[in-house]
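Participant: Attaching a single structure in structure tokens format; questions to follow.
The values are calculated or read from the model by the stated rules, or taken from the named source; none is laboratory data. Computed from a prediction, not measured in an experiment: that's the story for all the values here. Glycine gets a Cβ as well: all are built from the backbone with ideal geometry, and neighbour counts include every protein chain shown.
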């Protein structure tokens with residue numbers, strides 16, 4: 001694996017990763033009213049992390065990003081590449097990287113995009129994992145993702161949130177789009 005950025009410790013070639021060997025992620029996305037954090041915190045298996053997420057340039061069009069994730073345990077850095085299978089499913093390759101690797105990969109930031117800063121609130125409801133992302137640029141809404149085993153799995157809206165609409169198929173609400181333009 002080789003980074004395109006100079007001065008790296010480990011080599012990760014983001015052009016040559018065999019993404020087809022990666023796990024499959026299937027999820028639905030919802031726009032919700034700005035949630036009551038106290039209600040979220042009462043949900044089973046609740047946790048919260050602070051995320052700084054930056055999208056990277058990639059020649060073949062696959063989505064690559066790096067994340068700086070902070071919680072009560074400390075800081076970790078993650079490199080992720082995704083490849084679309086369908087509107088609901090993607091191959092997802094993730095690996096933990098060093099701070100130096102993270103900083104070097106930031107040199108490959110996608111032009112005309114911003115680093116997304118958000119707090120992610122994770123919990124379980126009805127045996128499904130939910131992730132509520134609260135972005136620094138919105139004060140009236142947030143997004144919620146529900147991870148599912150299959151594309152046709154029914155998703156129940158947890159009682160701790162108020163649904164505005166499903167946005168799974170609305171490209172404007174993808175994180176890569178929000179990094180470019182979060183006001184619409």
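Participant: Would you list the strands (runs of 3 or more DSSP E) that sit entirely within the range 24-79 and hold 2 or more residues that are more than 13 Å from the chain's Cα centre (by Cα) and without any contact (Cβ under 8 Å) to a residue 60 or more places away in the chain? Break it down into steps so the answer makes sense when it comes.
Facilitator: Numbers: elements: 24-33, 47-56, 63-71.
In the range 24-79, the matching strands (runs of 3 or more DSSP E) lie at 63-71.
Participant: Hey, another quick one. Scan the range 135-146 and tell me whether some residue there is touching a residue at least 12 places away in the same chain (Cβ under 8 Å), in contact with a strand residue (DSSP E or B) (Cβ under 6 Å, 6 or more places away or on another chain), surrounded by fewer than 16 Cβ atoms within 10 Å (Cβ to Cβ) and outside any strand (DSSP E or B).
Facilitator: Within the range 135-146 (the criterion being touching a residue at least 12 places away in the same chain (Cβ under 8 Å), in contact with a strand residue (DSSP E or B) (Cβ under 6 Å, 6 or more places away or on another chain), surrounded by fewer than 16 Cβ atoms within 10 Å (Cβ to Cβ) and outside any strand (DSSP E or B)), the answer is yes, since at least one residue qualifies.
Participant: In the range 94-123, what count of residues is obtained for those that are over 30 Å from residue 157 (Cβ atoms) and in contact with a helix residue (DSSP H, G or I) (Cβ under 9 Å, 6 or more places away or on another chain)?
Facilitator: First pass over the range 94-123, keeping only residues over 30 Å from residue 157 (Cβ atoms): 95-113.
Imposing the further condition that a residue be in contact with a helix residue (DSSP H, G or I) (Cβ under 9 Å, 6 or more places away or on another chain) reduces the set to 97, 110, 112-113.
Residues flagged as over 30 Å from residue 157 (Cβ atoms) and in contact with a helix residue (DSSP H, G or I) (Cβ under 9 Å, 6 or more places away or on another chain) within the range 94-123 amount to 4.
Participant: May I pose another question? Could you tell me which residue of the range 114-134 is nearest to the chain's Cα centre (by Cα), considering only residues that are part of a loop (DSSP other than H, G, I, E, B) and either touching a residue at least 60 places away in the same chain (Cβ under 8 Å) or crowded, with 18+ Cβ neighbours inside 10 Å (or both)?
Facilitator: Taking the range 114-134 as the starting set, the residues that turn out to be part of a loop (DSSP other than H, G, I, E, B) are 114-115, 126-127.
After this cut, where a residue has to be either touching a residue at least 60 places away in the same chain (Cβ under 8 Å) or crowded, with 18+ Cβ neighbours inside 10 Å (or both) as well, the list is 114-115.
Numbers: 114: 14, 115: 12 Å.
Here the answer is 115.
Participant: Can you tell me which of 111, 158 is part of a loop (DSSP other than H, G, I, E, B), surrounded by fewer than 17 Cβ atoms within 10 Å (Cβ to Cβ) and touching a residue at least 40 places away in the same chain (Cβ under 8 Å)? First the steps, then the outcome.
Facilitator: Numbers: 158 fails: surrounded by fewer than 17 Cβ atoms within 10 Å (Cβ to Cβ).
Exactly one residue qualifies, and that residue is 111.
Participant: If you go through the range 161-177, how many residues are within 20 Å of residue 40 (Cβ to Cβ), part of a helix (DSSP H, G or I) and at pLDDT 90 or above?
Facilitator: Here is the first cut: in the range 161-177, the residues within 20 Å of residue 40 (Cβ to Cβ) are 161-167, 173, 175.
Still in the running and part of a helix (DSSP H, G or I): 173, 175.
Remaining after also requiring at pLDDT 90 or above: 173.
So the answer is 1.
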